[in-house]
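The values are calculated or read from the model by the stated rules, or taken from the named source; none is laboratory data. These figures come from a predicted structure and were not determined experimentally. Here the Cβ positions follow ideal geometry from the backbone for every residue, glycine too, while neighbour counts run over all protein chains shown. With ligands, DNA and RNA removed, areas are computed over all heavy atoms of the protein, side chains included. Shrake-Rupley method; radii C 1.70, N 1.55, O 1.52, S 1.80 Å.
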Amino acid sequence: MTEPDANRDDPETPAARWHSLWLLTLGPAFWTMHFLASYITAAIWCAKFAGRAGSLETVRWLIGGYTAVALVGICLVSWFGYRQHKLGQATLPHDADTAGDRHRFLGFSTLLLCGLSFVATVYIALTVVFIGTCE
Amino acid sequence: MTLYTSRQIGLNGRHGGMIAPVIAVGGCDLHGPQSALSPAGVGAEQISSLFWWMAGGAVLIWAVVIGIALYATLARPRKKHDVQGARWLIIGGGIVFPTVVLTILLSYGLMLIPKLRSTGNVDLHVAVSGEMWWWRVRYTSPAGEPVELANEIRLPVGKRVSLSLTSPDVIHSFWVPSLSGKVDMIPGRENTLILEPTKPGTYRGVCAEYCGASHAFMAFRVVVMEPQDFEAWLTHQAQPAVSSGSPSARQGEQAFLVNGCGACHTIRGTAADGRVGPDLTHVGSRLSLGAGMLPNDAQTFARWIGHTQQIKPEVRMPSFGMLPEEQLTALATYLSGLK
């Protein structure tokens, strides 16, 4: 699938500061933070306020808010990943030993991890859609 | 030594045909008393249904993904797919389709939880305490008095029963696969499990959380009875012990009290009022000895009393093999006669 000459370095080779791996971690980080925030909020609410048979109505709104923030964050990171992946003219699989392909590979990996994180975040949120009490 | 062998702890269900070859290889019985796929309670029916839907979903995803992989590697279509078309085949079959199926299955599983956990409309409350390595069971008699039993739970068919589950020592887990899911018994906490048996019968329960040397010997029976039979049984269990009165049984009662057995065991109607071990007031009426381990007859009872530590390692009850054979026999006759 690689186009002729696609793997040589592009004229628009990214700056050294773009070689960071941090972008790769941001999607799963949103997923992790969303999970922890949701779990801890529900645990404190049930243990300290609602009681064992109490309603999760308030927590539902809070977790809904967390979910919206996490999904927007994941979408933003995906967009940055997609832009990295699309830099220059090269196509997949971004496996050449060049600065440009490393940059594109990290972008594509970021995009895939964001997809996984998006689905996982939605799955966590589904819990409070179907379960309405602390029981 | 155990009452149920691994052969009896099998799988069952109307979908048994699908897994018959696997079972044949594994040597399992389709009609075991400890089968999550042979449900006899509302909870187990829902869990069994979920299992089959999830198994079906997994097979569907596997078939689509492997089907596309085989198509990609083996098929020789006249007109080759363009890159864009092939990519959508991969994304559709490998990502979108599995995600949609898993989302449906997850939603179905989550929808079941409130029904399984609901504590409303309960007909009967039973307290069960998991202790190393037996089960303390407390009912309230029709007269309102607490009735303590051990290692056997009887339930009325068609009634919703709330079990409050506790533990005084380590974490245990209460599981009767034929009736419902498992719930942990955690020291310092009271968990609730709802059972709603739908078929009369005798089922096997186990401790599902490793809890020490004799964890594997911590089982129990659940007998599901018609409601009127259950009421009669509970009324009988609330009564004090009645010995058979034979000379051997009288000698056994004396031996029980003289040898200090009453420091750990209660036999209502006698001076024995210990609380460390199981209540033995109607021990002769139970289906098993040693928490689901042994058949309940006088001969096995004598072996249990004389060789407790060999049969159930590290259990708190010492072996009483030092007693004369005559006393052991008399003790066994007395206890197995407490119906």
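Ranked by accessible surface with a 1.4 Å probe, highest first, in what order do B:ASP229, B:ASP184, A:ASP95 come?
A:ASP95, B:ASP229, B:ASP184
What is the projected area of the convex hull of the Cα atoms of segment A:44-135, averaged over all directions, in nm²? Don't skip to the end; give the middle numbers.
Numbers: hull surface 29.0 nm².
Average projection, Cα convex hull of segment A:44-135: 7.3 nm².
How many partner chain Cβ atoms sit within 10 Å of a residue's Cβ in peptide B:105-118, on average, as a whole number? Could you put the intermediate results ahead of the total?
Values: counts 0, 5, 4, 1, 2, 7, 4, 1, 4, 5, 0, 1, 5, 3.
For this peptide, the per-residue mean of nearby foreign Cβ atoms is 3.
Give the dimensionless ratio obtained when the Cα radius of gyration of segment B:247-336 is divided by 2.2 N^0.38 Å. Can you show the working numbers first?
On the way: Rg = 11.8 Å, N = 90, 2.2 N^0.38 = 12.2 Å.
Compared with the compact-globule rule of thumb, segment B:247-336 sits at 0.97.
Report the charge-dipole magnitude of chain B in Debye, nearest 20, computed about the Cα centre from +1 at each Lys and Arg Cβ and -1 at each Asp and Glu Cβ.
I would put it at about 1500 debye.
Taking the alpha carbon gyration tensor of chain B, what are the square roots of 5 times its eigenvalues, largest first, to the nearest whole Å?
Values: eigenvalues 511, 93, 55 Å².
After scaling each eigenvalue by five and taking roots: 51, 22, 17 Å.
Which of A:ALA68, A:ALA50, A:ALA120 moves the most in a Gaussian network model of chain A with Cα springs under 10 Å?
Of A:ALA68, A:ALA50, A:ALA120, the Gaussian network model singles out A:ALA50 as fluctuating most.
Going by accessible area, probe 1.4 Å, with all protein chains left in place, what is the ranking of B:ILE311, B:ILE68, B:ILE90, B:ILE171, largest first? If you can, show how the numbers build up before the last one.
On the way: B:ILE311 10, B:ILE68 40, B:ILE90 110, B:ILE171 75 Å².
The ranking, largest first, comes out as B:ILE90, B:ILE171, B:ILE68, B:ILE311.
Assuming 0.36 nm per residue, please report the length gained on full extension of the stretch A:ILE44 to A:LEU116 beyond their Cα-Cα distance.
Values: separation 72, 0.36 × 72 = 25.92 nm, distance 2.79 nm.
Stretched fully, the A:ILE44-A:LEU116 segment lengthens by 23.1 nm.
Angle, helix B:16-26 long axis vs. longest principal axis of chain B, Cα atoms, 0 to 90°, nearest 10?
Around 70 degrees separate the two axes.
Per Stokes-Einstein, at 37 °C and 0.692 mPa s, what whole-number D in µm² s⁻¹ belongs to the protein assembly as shown, with the Kirkwood radius over Cα pairs as the hydrodynamic radius? Spell out each step's value before the answer.
Numbers: Rh = 27.2 Å.
Reported coefficient: 121 µm²/s.
Would you work out which of A:GLY100, A:LEU116, A:ILE131 lies farthest towards the positive end of the dipole of chain A? Charges go on Cβ: Lys and Arg +1, Asp and Glu -1.
Projecting each Cα onto the dipole axis, the largest value belongs to A:ILE131.
Just read off the accessible area of B:ARG303 with the full protein assembly in place, 1.4 Å probe, to the nearest 10 Å².
My reading of the accessible area for B:ARG303 is about 110 Å².
Rounded to whole Å and ordered largest first, report the semi-axes of the equivalent ellipsoid of segment B:124-229 derived from its Cα gyration tensor (root of 5λ).
Working: eigenvalues 95, 47, 29 Å².
The three semi-axes for segment B:124-229 are 22, 15, 12 Å.
Using modelled backbone amide H atoms (1.01 Å from N, in-plane), which distant-in-sequence or interchain residues come within less than 5 Å of A:THR91's amide H?
The list, which skips near neighbours in sequence, is A:GLU3.
If one computes the Cα centroid of segment B:303-339 and of segment B:84-117, what distance in Å separates the two points?
Centre-to-centre distance over Cα atoms comes out at 57 Å.
Assign unit charges at the C-beta atoms only (+1 for Lys and Arg, -1 for Asp and Glu), then state the dipole size of the protein assembly as shown relative to its Cα centre in Debye, rounded to the nearest 20.
Numbers: 36 positive and 33 negative charges, 164 e Å.
That gives a dipole near 780 debye.
Net charge within 15 Å of B:GLY109 by Cβ-Cβ distance, Lys/Arg positive one each and Asp/Glu negative one each, not counting B:GLY109 itself? Don't jump to the answer; show the numbers that get you there.
On the way: positive: B:LYS115, B:ARG117; negative: B:GLU45.
Once all neighbours under 15 Å are counted, the net charge is +1.
List the residues, sorted by chain then number, that are 5 or more residues from A:GLY51 or on another chain and whose placed amide H is less than 5 Å from its amide H.
Counting only residues 5 or more places away or on other chains, the set is empty.
Ordering B:SER244, A:SER20 from largest to smallest accessible area (1.4 angstrom probe), what's the sequence? Can you show the working numbers first?
Values: B:SER244 80, A:SER20 50 Å².
Result of the area sort, largest leading: B:SER244, A:SER20.
List the longest stretch of chain B that has no exposed loop site; here a site is one of the GluC sites (Glu not before Pro) assigned by DSSP to anything other than H, G, I, E or B, with at most 15 other Cβ within 10 Å.
Working: sites that count: B:GLU190, B:GLU314.
Excluding the exposed sites themselves, the longest stretch runs over B:1-189.
Tell me which chymotrypsin sites (Phe, Trp or Tyr not before Pro) from segment B:207-241 have a DSSP coil assignment and no more than 16 other beta carbons within 10 Å of their own. Working shown, then result.
Details: sites: B:TYR210, B:PHE217, B:PHE220, B:PHE230, B:TRP233; in loops: B:TYR210.
Answer in residue order: B:TYR210.
Looking at chain A, which Cys residues are left with no other cysteine's beta carbon under 4.7 Å from theirs?
Cysteines lacking a close Cβ partner in chain A: A:CYS75, A:CYS114.
Can you run phi through the Karplus equation (6.51, -1.76, 1.60; θ = phi - 60°) for segment B:117-134 and list ³J(HN,Hα) in whole Hz, with x for Gly and Pro?
Once rounded to whole Hz, the list reads 9, 4, 9, x, 6, 8, 8, 8, 10, 10, 9, 10, 10, x, 10, 5, 10, 7.
In chain B, what % of DSSP beta bridges are antiparallel (nearest 5)?
Details: 30 of 41 bridges.
Counting only bridges with both partners in chain B, antiparallel ones make up about 75 percent.
Which whole-Hz couplings ³J(HN,Hα) result when phi for each residue of segment A:91-99 is put into the Karplus expression 6.51 cos²θ - 1.76 cosθ + 1.60, θ = phi - 60°, listed in order with x for Gly and Pro?
Result, ordered by residue: 10, 4, x, 6, 10, 7, 8, 9, 4 Hz.
Along the positive direction of the dipole of the protein assembly as shown (beta-carbon charges: Lys, Arg +1; Asp, Glu -1; about the Cα centre), which of B:TYR139, A:PHE49, A:GLN89 reaches farthest?
A:GLN89
Taking θ = phi - 60°, what integer Hz values does the Karplus form 6.51 cos²θ - 1.76 cosθ + 1.60 yield along segment B:63-68, in sequence order, with x for Gly and Pro?
Once θ is set to phi - 60°, the couplings for segment B:63-68 become 5, 5, 5, 5, x, 5 Hz.
Only bridges whose two residues both fall in the protein assembly as shown count here: according to DSSP, what percent of them are antiparallel, nearest 5?
Values: 31 of 42 bridges.
Percent antiparallel among DSSP bridges in the protein assembly as shown is about 75.
For B:LEU60, tell me the accessible area in Å² from a 1.4 Å probe, rounded to the nearest 10.
90
How far is helix B:247-258 tilted, in degrees, relative to the longest principal axis of the Cα atoms in chain B, given as a value from 0 to 90 rounded to the nearest 10?
80
Under 5 Å between amide hydrogens, which residues at least 5 positions from A:THR133 or on another chain qualify, with H placed 1.01 Å from N in the peptide plane?
Under 5 Å from the amide H of A:THR133: A:LEU56.
Between B:VAL137, B:VAL147, B:VAL223, find the one with the highest GNM mean-square fluctuation for chain B; connect C-alpha pairs within less than 10 Å.
Result: B:VAL147 has the largest fluctuation of those listed.
At a Förster distance of 22 Å, what's the computed FRET efficiency of A:THR32 paired with A:ARG102, Cβ-Cβ distance as r, to 0.05? Let's see the in-between values first.
Details: r = 25 Å, r/R0 = 1.15.
Computed FRET efficiency for A:THR32 and A:ARG102: 0.30.
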